[in-house]
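Chemist: My structure is below; once you've seen it, I'll send some questions.
The values are calculated or read from the model by the stated rules, or taken from the named source; none is laboratory data. In this text the structure is predicted, and so the values were computed from the model without any measurement. Here the Cβ positions follow ideal geometry from the backbone for every residue, glycine too, while neighbour counts run over all protein chains shown. For accessibility, only protein heavy atoms count, side chains too; no ligands or nucleic acids. Shrake-Rupley method; radii C 1.70, N 1.55, O 1.52, S 1.80 Å.
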Amino acid sequence: MITILLVDDQNLIRQGLRALLELESDLEIVAEAENGEIAIELVAELQPNVVLMDIRMPIMDGVAATKEINSRFPNTKVLVLTTFDDDEYVKAALNNGAMGYLLKDTPSEELAAAIRVVDKGYSQLGPGIVDKLLNPFTSNTTNEASSLPPGLSELTPREKEVLQLIATGASNREIAQTLYISEGTVKNHVTNILNRLELRDRTQAAILANTFLSSL
């Protein structure tokens with residue numbers, strides 16, 4: 001059972017989410033919070049698997065709450081669900097530890113699936129959100145938008161295989177099993193990939209791979 005904390009300043013939204021998610025046999029709503037401050041208190045008390053977090057709320061917003069939860073309770077995953085897709089909100093939430101970012105018009109079955117993905121430790125981004133994170137990878141005004149990111153062509157064939165598997169959300173163990181190599185070797189490949197492409201983490205690597213997959 002995946003336990004969930006709903007965080008939104010609108011009671012009607014929380015009620016709607018509860019009604020939809022409780023239809024899923026493997027999801028359980030353990031509590032609700034109307035702002036980030038209350039959310040942190042409830043996470044400390046209940047240790048839910050996933051926090052479904054709004055961004056703009058009174059007293060403490062979702063970004064600040066996400067940062068605190070990620071720092072103090074690393075086993076609790078935060079999935080942002082909001083009406084705001086502004087670049088600053090997306091990047092701030094992800095930079096402060098959110099595992100995913102969805103908009104409130106996401107169909108209920110996709111939301112439930114995203115919760116399951118985030119609970120497993122994988123990132124989940126809604127349609128259109130990926131585009132807002134591509135700035136580090138897209139070409140500047142002097143290059144065509146379709147040009148490859150620097151370093152991509154320098155990857156070895158094995159590193160490209162690892163990158164493609166990262167794009168599917170595979171863990172190091174799953175990559176090792178697929179490629180018949182050790183987890184230690186996978187970790188080395190992942191480190192090399194991030195360094196060559198000047199990426200911060202696996203989320204950025206997955207975004208890049210999905211964007212330029214046909215070129216790998």
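Chemist: If you count only protein heavy atoms with a 1.4 Å probe, what accessible area per residue comes out for the chain, rounded to a whole Å²?
Modeler: Here the per-residue accessible area is 51 Å².
Chemist: Where the centre of each part is set by its Cα atoms, how far does the range 171-201 sit from the range 4-21, in angstrom?
Modeler: About 38 Å separates the Cα centre of the range 171-201 from the one of the range 4-21.
Chemist: Stokes-Einstein at 4 °C, 1.567 mPa s, Kirkwood radius from Cα pairs: D for the chain in µm² s⁻¹?
Modeler: 71 µm²/s
Chemist: Next question. Carbon and sulfur: what percent of the chain's accessible surface (1.4 Å probe)?
Modeler: C and S fraction of accessible area: 47 percent.
Chemist: Kindly count the pairs of lysines across the chain whose alpha carbons are less than 25 Å apart, treating pairs on different chains or eight or more residues apart as eligible.
Modeler: Taking the chain as the scope, the lysine pair count is 20.
Chemist: Once phi is turned into θ = phi - 60°, what whole-Hz ³J(HN,Hα) does the Karplus curve with 6.51, -1.76 and 1.60 give for every residue of the range 14-22, x standing for Gly and Pro?
Modeler: Calculated HN-Hα couplings, in order: 4, 5, x, 5, 4, 4, 6, 6, 6 Hz.
Chemist: Test of understanding: given the chain, find the longest segment containing no GluC sites (Glu not before Pro) that are in a DSSP loop and have at most 12 other Cβ atoms within 10 Å.
Modeler: The reported range is 23-143.
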